[in-house]
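Q: Could you have a look at this structure, given as structure tokens, before my questions?
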Amino acid sequence: MIRKLLPTWPVARQLTTADHLGRGRAAQSPQSAGLRARTADADKVVGSVCPYCAVGCGQQVFVRDGEVIAVEGDPDSPISRGKLCPKGSATHQLVTGPSREQRVRYRRPHASEWEELSLDEAMGMIADRVLATRRDTWQDLDEAGNPLRRTMGLASLGGATLDNEENYLIKKLWTALGAIQIENQARI
């Protein structure tokens with residue numbers, strides 16, 4: 001009886017097998033032996049950057065059948081080395097949560113009710129308004145005839161999560177539109 005029980009005792013397994021620290025079979029149950037990582041069956045892994053702050057922690061987005069199944073820290077990121085703060089760890093919920101808005105809510109001028117618009121319709125409205133504002137507020141020359149080529153009707157305030165490359169492109173876009181009031185939240 002004792003001969004049958006002795007090999008099942010964890011300390012005896014540690015002493016008689018190569019697992020001297022008891023981290024392998026001695027600590028593994030049949031249930032945990034059958035477990036697999038939730039990311040093991042992902043079709044692809046896409047590199048990304050956390051959207052929450054200006055640190056820019058690297059993320060790995062695991063995708064299966066076109067759906068995000070998990071978001072984890074990127075161990076190859078020199079910034080975060082695979083770690084994420086609590087907000088960054090919740091990115092999966094941001095992307096897939098049931099309370100995520102999939103449509104734009106819009107209230108027309110002088111209306112008392114909100115209506116839902118598709119993202120394409122809302123983006124078209126924004127583009128039309130930017131172009132109309134630029135056209136209506138364009139200043140080609142000042143009173144003395146000096147060239148201005150600007151609009152005072154448009155301004156930009158960038159967010160702190162934007163990196164240098166994104167800020168560069170945003171600056172180029174707004175400058176091309178003629179805006180001169182271009183600022184970033186990180187400097188305020």
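Taken together, the values in this text are just the output of simple stated rules run on the coordinates, not laboratory data. Note that the structure is predicted; figures quoted are calculated from it, not measured. Cβ sites come from the backbone with ideal geometry, for glycine too, and all protein chains shown count toward neighbours.
Q: So what's the net charge close to THR151: Lys and Arg +1, Asp and Glu -1, counting the other residues with Cβ under 15 Å from its Cβ? Provide the component values of the computation, followed by the final result.
A: On the way: positive: ARG129, ARG134, ARG135, ARG149, ARG150; negative: ASP136, ASP140, ASP142.
Within the 15 Å Cβ shell, the charges total +2.
Q: Show me, for region 56-73, the HN-Hα J-couplings you get by feeding each phi into the Karplus relation (A = 6.51, B = -1.76, C = 1.60, θ = phi - 60°), rounded to Hz, glycine and proline as x.
A: Once θ is set to phi - 60°, the couplings for region 56-73 become x, 4, x, 10, 10, 9, 8, 10, 9, 6, x, 10, 6, 10, 6, 10, 9, x Hz.
Q: Taking R0 as 35 Å, what's the FRET efficiency between LEU5 and GLN102 from their Cβ-Cβ distance, rounded to 0.05?
A: Between LEU5 and GLN102 the formula returns 0.05.
Q: Between ALA127 and ILE180, what length comes free when the chain is fully extended (0.36 nm per residue of separation minus the Cα-Cα distance, one decimal in nm)?
A: 17.2 nm
Q: With no other cysteine's Cβ closer than 4.7 Å, which Cys residues of the chain count as lacking a disulfide-compatible partner?
A: If one checks each Cβ against the other cysteines of the chain, CYS53, CYS85 turn up with nothing under 4.7 Å.
Q: Here's something else I'd like to know. Taking only DSSP H segments of four or more residues, each worth -39500 (n - 2.57), what value at 222 nm results for the chain once the sum is divided by all its residues, to the nearest 500 deg cm²/dmol?
A: -8000 deg cm²/dmol
Q: For ARG103, what charge total do you get from the other residues with a beta carbon under 12 Å from its beta carbon, if Lys and Arg give +1 and Asp and Glu give -1?
A: Result for the neighbourhood of ARG103: -3.
Q: Report, in degrees rounded to the nearest 10, the 0 to 90 angle that the Cα long axis of helix 164-176 makes with the longest principal axis of the chain.
A: It works out to around 20 degrees.
Q: While we're looking at this one, here's another question. Under a plain spin-label model, where a point goes 7 Å from the Cα along Cα-to-Cβ, how far apart in nm are GLU113 and THR39?
A: Going from the GLU113 label point to the THR39 one covers 4.6 nm.
Q: While we're on this one: How much length, in nm to one decimal, is gained on full extension between LEU157 and LYS171, taken as 0.36 nm per residue of separation minus their Cα-Cα distance?
A: Result for the pair: 4.0 nm of gain on full extension.
Q: Further, regarding this structure: Would you please calculate the Kirkwood hydrodynamic radius of the chain over all C-alpha pairs and express it in Å, rounded to one decimal?
A: Values: mean 1/r = 0.0443 Å⁻¹.
Evaluated over the chain, this radius sits at 22.5 Å.
Q: Next question, about the same structure. Among ARG81, ARG13, ARG135, whose mean-square fluctuation peaks in a Gaussian network model of the chain (Cα, cutoff 10 Å)?
A: ARG13
Q: Using a 10 Å cut-off around each Cβ, can you sort LYS87, LYS44 from fewest to most neighbouring Cβ atoms?
A: LYS44, LYS87
Q: Something else: List the equivalent ellipsoid semi-axes of region 104-187 in whole Å, largest first, each obtained as the square root of 5λ for an eigenvalue λ of the Cα gyration tensor.
A: 27, 21, 11
Q: On to the next question. Could you pull out every one of the lysines with an alpha carbon less than 30 Å from that of LYS83, ignoring same-chain neighbours closer than 8 positions?
A: LYS44
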